[in-house]
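S.K.: Please see the structure below; I have some questions.
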Amino acid sequence: MFISVFDIFKIGIGPSSSHTMGPMVAAGRFLQGLRETGMKPARISVSLHGSLAFTGKGHASDRAICLGLLGHDPATINPDCVDGEMARLASDKRIAVEGVGHIAFDPEADLVFDYGPPLPGHANGMIFRALGADGETLAEETLYSVGGGFVVSAQELANRDEPLATNVEEGVPHPFKSAAEMLAMGRDSGLTIAAMKRANEETRAPDGDLDAGLDRIWEAMNACLERGLAQEGTLPGGLKVKRRAHQIHRKLIGETGQNRPFQHTVMDWLSVYAMAVNEENAAGGTLVTAPTNGAAGVVPAVLRYYLDHCPDCSQAGIRDFLLVAAAVGGIIKANASISGAEVGCQGEVGSASAMAAAGLCAALGGSNEHVENAAEIALEHHLGMTCDPIGGLVQVPCIERNALGAVKAVTAASLALRGDGTHFVPLDSCIETMRQTGLDMTDKYKETSKGGLAVNVVAC
């Protein structure tokens with residue numbers, strides 16, 4: 001399948017693209033099926049399985065299901081309305097579905113966290129049931145949240161296992177399905193990766209619409225970053241984690257203009273940008289998957305670094321950055337995974353770091369070979385990273401992990417630009433290694449909070 005820049009970068013709410021945005025989308029998809037069939041059930045029930053069950057409460061998966069059944073969409077919902085909507089549902093215990101009518105749904109009774117074995121298709125599984133007045137099942141649908149806000153049915157998930165070459169959509173001028181093909185097409189066409197990705201995207205959106213869409217992505221990223229820098233207080237969820245980005249940012253501004261600044265202070269700027277985004281994510285704010293919510297701080301942080309600390313930055317550079325980052329993210333998603341529940345955090349922060357490194361390298365004038373090298377360096381040094389959120393919350397170690405992912409991305413881009421583009425490990429080999437490592441990794445290290453820091457640090 002052709003993976004668009006707007007598939008990789010989706011605007012939505014925190015704290016998790018797979019546990020919050022995906023379930024909200026899945027609930028809406030189930031309701032759409034009811035409308036299309038004309039079915040009028042008396043009640044709806046939902047069960048969450050695998051990682052969605054074990055860390056669903058910390059990731060607000062139950063809230064997301066409820067909001068989706070209430071008709072909300074991750075891209076348009078106002079986070080400030082969530083508490084009111086949840087209170088109303090708790091009181092009414094029913095939802096109103098256009099074209100169907102009122103259906104009973106009591107979150108306390110009809111939303112089940114199933115801690116048994118995960119469903120066979122994916123670690124993030126959901127079963128939606130439409131029930132009659134006497135409790136009989138009228139319809140049942142199994143959906144999976146596969147990372148980055150993507151939702152697929154069991155059949156669609158099975159089709160995803162087919163060779164990617166059979167799934168590349170027709171009409172795309174540069175249908176690369178691997179980094180090797182991307183480089184070969186660049187050599188044959190004489191085009192940069194950004195130019196090839198632009199040509200592919202323009203088969204879906206005209207040039208003006210594409211640029212406007214890219215600008216909206218960056219505006220949403222930067223708005224989230226700025227909100228995160230401005231906010232103080234304690235993050236929700238019970239861990240009592242304090243926001244730090246605001247205070248760090250104030251100190252950095254106060255140090256500006258000192259006669260003898262530390263050269264490594266630029267890493268603090270990178271870190272505070274990433275932490276600001278992920279503190280907003282943890283608070284349930286609006287942000288952009290990049291490629292997931294849990295890793296959403298890396299790309300915006302490196303983009304702000306490009307704007308604030310690199311000479312000759314430009315709007316065109318931002319657009320090229322996003323296009324190249326999406327090209328790399330699409331290759332990773334198609335050939336491995338961006339889901340922490342599937343391959344651990346190497347698939348989230350590792351992929352984000354690779355995307356950001358590639359985007360920065362392109363924006364700074366690197367060749368296609370430099371870009372591929374930058375992505376490989378960044379991803380290689382996240383291999384094996386587990387996903388072990390304490391308390392099932394996207395806070396510790398997730399917020400700081402984004403900061404380090406951004407630092408690695410800039411380092412990777414810089415190292416690549418210092419060379420001639422040749423290197424030992426191809427990006428495709430690194431992606432395949434990540435896939436295999438994810439398969440070998442025990443489930444307790446894949447977003448279930450049953451291993452790692454999640455069990456070795458007391459959540460209180």
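The values are calculated or read from the model by the stated rules, or taken from the named source; none is laboratory data. Keep in mind that what you see is a predicted model, and the values were worked out from it rather than measured. Reconstructed Cβ throughout: ideal geometry from the backbone, glycine too, with neighbour counts over all protein chains shown. Just so you know, the surface numbers come from the protein's heavy atoms only, side chains and all, with ligands and any DNA or RNA stripped out. Shrake-Rupley method; radii C 1.70, N 1.55, O 1.52, S 1.80 Å.
S.K.: Name the pairs whose Cβ atoms lie under 8 Å apart, with the first residue in the stretch 283-301 and under 18 Å from residue 231 (Cα atoms), the second open to solvent by 10 Å² or more (accessible area, probe 1.4 Å) and among the hydroxyl-bearing types (Ser, Thr, Tyr), and 6 or more positions between them or separate chains?
M.R.: Listed pairs, sorted by first residue: 301/271.
S.K.: On to the next question. Being closer than 26 Å to residue 382 by Cα and either open to solvent by 30 Å² or more (accessible area, probe 1.4 Å) or without any contact (Cβ under 8 Å) to a residue 12 or more places away in the chain (or both) is the filter here, so list the residues in the stretch 254-282 that pass it.
M.R.: Passing the criteria: 263, 264, 266, 267, 268, 269.
S.K.: Taking residue 215 as the residue in question, decide whether it is in contact with a Lys or Arg (Cβ under 9 Å, 6 or more places away or on another chain), modelled with pLDDT of 95 or more and farther than 28 Å from residue 33 by Cα.
M.R.: The answer is yes for residue 215.
S.K.: Another question, if that's okay. Please specify each residue of the stretch 397-413 satisfying the condition of being open to solvent by 50 Å² or more (accessible area, probe 1.4 Å) and aliphatic (A, V, I, L, M).
M.R.: Selection gives 404 alone.
S.K.: Taking residue 242 and the conditions (1) open to solvent by less than 60 Å² (accessible area, probe 1.4 Å); (2) touching a strand residue (DSSP E or B) at 6+ places or on another chain (Cβ under 8 Å), which numbered condition does it fall short on, given that it satisfies the others?
M.R.: Single failed check for residue 242: (1).
S.K.: If you don't mind, there's one more thing I want to ask. Test residue 285 against the criterion of being surrounded by fewer than 24 Cβ atoms within 10 Å (Cβ to Cβ) and farther than 16 Å from residue 150 by Cα, and give yes or no.
M.R.: Considered against the rule, which asks whether it is surrounded by fewer than 24 Cβ atoms within 10 Å (Cβ to Cβ) and farther than 16 Å from residue 150 by Cα, residue 285 comes out as yes.
S.K.: Separate question: Counting only residues that are open to solvent by less than 20 Å² (accessible area, probe 1.4 Å) and either at pLDDT below 95 or out of contact with any Ser or Thr (no Cβ under 7 Å at 6 or more places or on another chain) (or both), how many does the stretch 311-332 have?
M.R.: Final tally of qualifying residues: 11.
S.K.: A further question follows. Which members of the stretch 50-59 meet the condition of being open to solvent by 10 Å² or more (accessible area, probe 1.4 Å) and either assigned to a helix (DSSP H, G or I) or not small (Gly, Ala, Ser) (or both)?
M.R.: Of everything in the stretch 50-59, those that are open to solvent by 10 Å² or more (accessible area, probe 1.4 Å) and either assigned to a helix (DSSP H, G or I) or not small (Gly, Ala, Ser) (or both) turn out to be 54, 57.
S.K.: If residue 251 passes every condition in (1) surrounded by fewer than 19 Cβ atoms within 10 Å (Cβ to Cβ); (2) in contact with a strand residue (DSSP E or B) (Cβ under 9 Å, 6 or more places away or on another chain); (3) not in a loop (DSSP other than H, G, I, E, B) but one, which one does it miss?
M.R.: Exception for residue 251: condition (2).
S.K.: Also, I was wondering about something else. Which strands (runs of 3 or more DSSP E) sit wholly inside the stretch 60-151 and have at least 3 residues that are over 22 Å from residue 33 (Cα atoms), touching a Gly at 6+ places or on another chain (Cβ under 6 Å) and open to solvent by less than 40 Å² (accessible area, probe 1.4 Å)?
M.R.: Hits in the stretch 60-151: none.
S.K.: For the stretch 1-37, what are the residues that are without any contact (Cβ under 8 Å) to a residue 60 or more places away in the chain and surrounded by fewer than 23 Cβ atoms within 10 Å (Cβ to Cβ)?
M.R.: 28, 32, 36
The rows are residues; the columns are (1) in a helix (DSSP H, G or I); (2) crowded, with 18+ Cβ neighbours inside 10 Å.
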site	(1), (2)
353	yes, yes
372	yes, yes
375	yes, yes
415	yes, no
421	no, no
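S.K.: So, residue 425, is that one open to solvent by 10 Å² or more (accessible area, probe 1.4 Å) and not in a helix (DSSP H, G or I) or not?
M.R.: Yes.
S.K.: Looking at residue 26 and the list (1) closer than 17 Å to residue 130 by Cα; (2) modelled with pLDDT under 95, which single condition is not satisfied?
M.R.: With (1) closer than 17 Å to residue 130 by Cα; (2) modelled with pLDDT under 95 applied to residue 26, the lone miss is (2).
S.K.: Quick one: residue 445 ticks every box in (1) under 26 Å from residue 13 (Cα atoms); (2) buried (at least 24 other Cβ atoms within 10 Å of the Cβ) bar one, so which box is it?
M.R.: (2)
S.K.: Related question: Scan the stretch 189-211 for residues that are basic (Lys, Arg) and either exposed (fewer than 14 other Cβ atoms within 10 Å of the Cβ) or outside any loop (DSSP other than H, G, I, E, B) (or both) and report the count.
M.R.: Summing the residues that are basic (Lys, Arg) and either exposed (fewer than 14 other Cβ atoms within 10 Å of the Cβ) or outside any loop (DSSP other than H, G, I, E, B) (or both) in the stretch 189-211 gives 2.
S.K.: Does residue 366 fit the bill of being open to solvent by less than 20 Å² (accessible area, probe 1.4 Å) and at positive phi?
M.R.: It is false that residue 366 is open to solvent by less than 20 Å² (accessible area, probe 1.4 Å) and at positive phi.
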